[in-house]
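Heads up: the structure comes next, in structure tokens.
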Amino acid sequence: MEWIREPDFELDEYVTAIAWMPDGTGFVAATAHGQVVTFEDFDRPKFPLTKTKITKQKEEDGFSLDALGWSADGKYLAAAGQRGELYIWSEGELIETLIYSGWIDVLAWHPKRSLLAFGVGKTIYIWNAETKAIESSLEQLNSSVLALAWNTKGDRLMASGNRMVKCWDIQHWTASPMIWDLSAACGTIAWAPEDRFFTAGCFDRTVLVASEFGSEDPWRMSGFPEKISLVAWSSVINPVTGCPMLATVSGDGVVIWNWNGEGWDGNIVVSEGSRINTISWKPGKLSFAIGTNERIEIRTFD
């Protein structure tokens, strides 16, 4: 089996974020020029997708949109970025705009409920799409919020920052979080399906994979050319290994990691000389999309 490259998609500005629709029939992309573009009907039957721009910002403003995500049921789409505004769409209509004084470049939807976590400076806000209200706010304390991730059960929220990852129990927001101390700032985190593994990508060019949050003896991958900018787990398992695949991004390269029974084997599948800004696995498939400059590339494991 090998990775097959599908036809590419071109945008007007470099791609900052990609989010697959929960049913896998398309995706949305955000750009450094403040555009949000949908590419629909991915599987019916072939390329190209129907391209629709649903930009909220005026194009001449030029503010980057850097965070993008769908709610688990596909009802809501969130986008935020440099302007400090968080936009929420439902069925193509803008229903909410939240305005803050700082850049919003991280957000994450709850895997089962219409709860959206997003970071502004050192603070994490939990917004309820049904009530259109902030349910809680959490302090990251020692640094800006660099990444957010819900576990797949939906009972824990993780946030990374300078040399640590924090973990809150959503039933007890006011209780002290668990803390995983790290040797470097952590800019990207992710949970594997069924919470089988937890992953942290660090600025010291290492990737940590633990079988449980806070493990004192995680697997450690190193030797990357630059800091780890992104980590992401496939939503389905590799039929050969019986485990999901882990994608890690450093500079212009993607490494796909597979479990070998005792540790992790990595293979570079994308290294085209263009810096990778975003990566997103397709729901239910061993396919992923990456954003490089003004281009979106699709890879499928076949």
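Can you sort Ile237, Ile228, Ile290 by how many other beta carbons sit within 10 Å, fewest first?
Least crowded to most crowded, the residues run Ile237, Ile290, Ile228.
Hey, got the dipole for the range 166-278? About the Cα centre, +1 on K and R Cβ, -1 on D and E Cβ, debye to the nearest 20?
280
Compute the distance in nm between two label points, each set 7 Å from the Cα along the Cα-to-Cβ direction, one at Glu96 and one at Ser137.
Rounded to a tenth, the inter-label distance reads 1.6 nm.
Mind putting a number on the dipole of the range 3-301 about its Cα centre? Charges go on the C-beta only, +1 for Lys and Arg and -1 for Asp and Glu, and I need it in Debye to the nearest 20.
180
Ranking Ser176, Ser90 by Cβ neighbours within 10 Å, fewest first, what do you get?
If I rank by nearby Cβ atoms, fewest first, I get Ser176, Ser90.
Leaving out same-chain residues fewer than 8 places away, which aspartates and glutamates sit with a Cα under 18 Å from that of Lys75?
Cα-Cα hits under 18 Å: Asp23, Glu40, Asp41, Glu91, Glu93, Glu96, Glu130.
Where does the charge balance sit around Gly102 when Lys and Arg score +1, Asp and Glu -1, over other residues with C-beta under 12 Å from its C-beta?
Result for the local shell: 0.
Among (i) 28, 32, 18, 15, 7, 0; (ii) 30, 50, 19, 0; (iii) 35, 61, 4, which is the computed P(r) over Cα pairs in 20 Å bins from 0, in percent?
(iii)
Every read-out reported here was derived from the displayed coordinates using simple, explicitly stated rules and does not represent laboratory data. The shown structure was predicted, so the numbers you read here are calculated from the model rather than taken from an experiment. Note that each Cβ is placed from the backbone with ideal geometry, even for glycine, and that neighbours are counted across all protein chains shown.
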